[in-house]
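Report on the structure given below.
The values are calculated or read from the model by the stated rules, or taken from the named source; none is laboratory data. Fair warning: this is a prediction, and the values are worked out from it, not measured in the lab. Because the Cβ atoms are built from the backbone with ideal geometry, glycine has one as well, and the counts that use them run over all protein chains shown. The area values use the complete protein model at the heavy-atom level, side chains included, leaving out ligands, DNA and RNA. Shrake-Rupley method; radii C 1.70, N 1.55, O 1.52, S 1.80 Å.
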Protein chains: 2
Amino acid sequence: MIFKIDFKSGKPVYLQLVDQVRYAAASGVLQAGEPLPSIRPLAEELRVNRNTIAKAYTELENQGVLETRPGKGCFLKENNSPFTKPIRQKLLLAEIDEAVVMAHHLQVDREKFLALVQERLDYFEQQSGAKKIN
Amino acid sequence: MIFKIDFKSGKPVYLQLVDQVRYAAASGVLQAGEPLPSIRPLAEELRVNRNTIAKAYTELENQGVLETRPGKGCFLKENNSPFTKPIRQKLLLAEIDEAVVMAHHLQVDREKFLALVQERLDYFEQQSGAKKIN
DNA sequence: TTTAGTGTCATAGGACTGTATGACAGTGGC
DNA sequence: GCCACTGTCATACAGTCCTATGACACTAAA
């Protein structure tokens with residue numbers, strides 16, 4: 001299974017799962033339309049309550065990452081955000097600012113920082129089969 | 001006062017303060033060695049319990065952003081992180097990945113994303129008096 | 001219709017978080 | 001020493017969060 005829970009991390013289980021699904025979707029490990037593991041078997045495999053998985057999936061649905069078809073299961077959606085363009089832009093800028101502020105505190109200079117960003121972009125593109133992020 | 005609390009945001013007051021101090025330090029609004037507002041007056045001004053401010057300052061001290069001299073006050077430290085270099089690198093990469101994953105979900109392409117990053121770097125450098133992030 | 005699979009909802013309990021209060025300890029000027 | 005200022009700690013309490021349980025509803029195949 002592609003998902004791994006770290007019970008010692010202190011981070012809530014359902015959030016770990018949310019991040020991993022988003023990450024897998026962004027890197028192309030999971031493709032649009034693909035079904036996600038169904039709740040009960042995944043819960044059993046990860047040794048976690050089924051409602052914990054359900055909560056993660058609900059959160060992902062709210063974020064527009066997946067859609068659930070009643071009685072059938074959960075499926076990765078085509079990329080589109082439920083938010084309006086200005087809100088999306090604001091969210092992304094906040095995320096970027098966090099990274100920039102952290103770079104400052106960690107004493108990483110501009111060139112090194114940009115290099116790291118490009119490296120990660122490359123990594124994700126490579127993972128998703130030489131496809132550009134779009 | 002440079003700090004503003006949004007009580008409707010849902011974000012804990014002490015975390016709002018932590019972010020604002022980090023942001024102010026990164027952008028040069030606050031300079032190393034400068035004293036931060038002392039706890040009680042700031043608490044009064046922001047209409048917040050004094051221990052809420054104290055908690056924010058404690059957190060900032062743990063992050064290596066400020067240091068407190070008993071009986072005197074809290075002062076912005078020279079930039080240095082309490083973490084080792086590999087840990088710092090890992091933290092920063094996680095932060096960058098979050099932004100990259102979000103860009104993917106928000107359907108922002110590579111060039112646009114890099115442009116946004118540069119824009120924010122420029123912004124912070126400009127704020128801190130044309131000084132490079134280091 | 002029955003059965004086995006899917007996700008959903010209401011509810012509950014234990015742990016944790018955020019904030020508040022009061023008492024305490026260090027510093028420096030009077 | 002006293003006083004006014006600094007930050008700190010122990011404690012308390014309400015609210016929230018995370019996880020867990022049981023009952024429910026939808027879908028598809030036998």
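Quick notes on this structure:
- Helices (runs of 4 or more DSSP H) lying entirely in the stretch A:1-116 (those with 1 or more residues that are touching a strand residue (DSSP E or B) at 6+ places or on another chain (Cβ under 9 Å)): A:13-27, A:39-46, A:50-62
- Residue in the stretch A:32-42 that is more than 14 Å from chain B (Cβ to nearest Cβ), closer than 21 Å to A:Gln126 by Cβ and in contact with a Leu (Cβ under 7 Å, 6 or more places away or on another chain) present: yes
- Index of the failed condition, B:Ser27 passing every other in (1) within 16 Å of DNA strand C (Cβ to nearest atom); (2) touching a Phe, Trp or Tyr at 6+ places or on another chain (Cβ under 8 Å); (3) hydroxyl-bearing (Ser, Thr, Tyr): (1)
- Residue within the stretch A:100-116 that is in the same structural domain as A:Asp19 (by TED's automatic domain parsing) and aromatic (Phe, Trp, Tyr) present: no
- Taken across the stretch B:58-77, residues that are facing another protein chain (nearest Cβ under 8 Å), out of contact with any Leu (no Cβ under 8 Å at 6 or more places or on another chain) and more than 16 Å from DNA strand C (Cβ to nearest atom) do occur, with at least one present.
- Only one of A:Arg88, A:Arg120 that is basic (Lys, Arg), under 17 Å from B:Lys112 (Cα atoms) and touching a helix residue (DSSP H, G or I) at 6+ places or on another chain (Cβ under 6 Å): A:Arg120
- Failed condition for A:Pro86, given (1) within 20 Å of the chain's Cα centre (by Cα); (2) under 30 Å from B:Gln127 (Cα atoms); (3) more than 7 Å from every other protein chain (Cβ to nearest Cβ); (4) of a type outside the set (Asp, Glu): (1)
- For the stretch B:23-36, a tally of residues being open to solvent by less than 40 Å² (accessible area, probe 1.4 Å) and either at negative phi or at pLDDT 90 or above (or both) returns 6.
- For the stretch B:37-48, the tally of residues that are closer than 21 Å to B:Arg69 by Cα and open to solvent by 70 Å² or more (accessible area, probe 1.4 Å) stands at 2.
- Scanning the stretch A:1-22 for residues that are open to solvent by 80 Å² or more (accessible area, probe 1.4 Å) and either within 13 Å of DNA strand D (Cβ to nearest atom) or out of contact with any Pro (no Cβ under 8 Å at 6 or more places or on another chain) (or both) yields A:Ile2, A:Lys4, A:Phe7, A:Lys8, A:Lys11.
- Considered as a group, the residues in the stretch B:103-120 that are hydrophobic (A, V, I, L, M, F, W, C) and farther than 17 Å from A:Gly28 by Cβ include one that is most open to solvent (accessible area, probe 1.4 Å), and that residue is B:Ala115.
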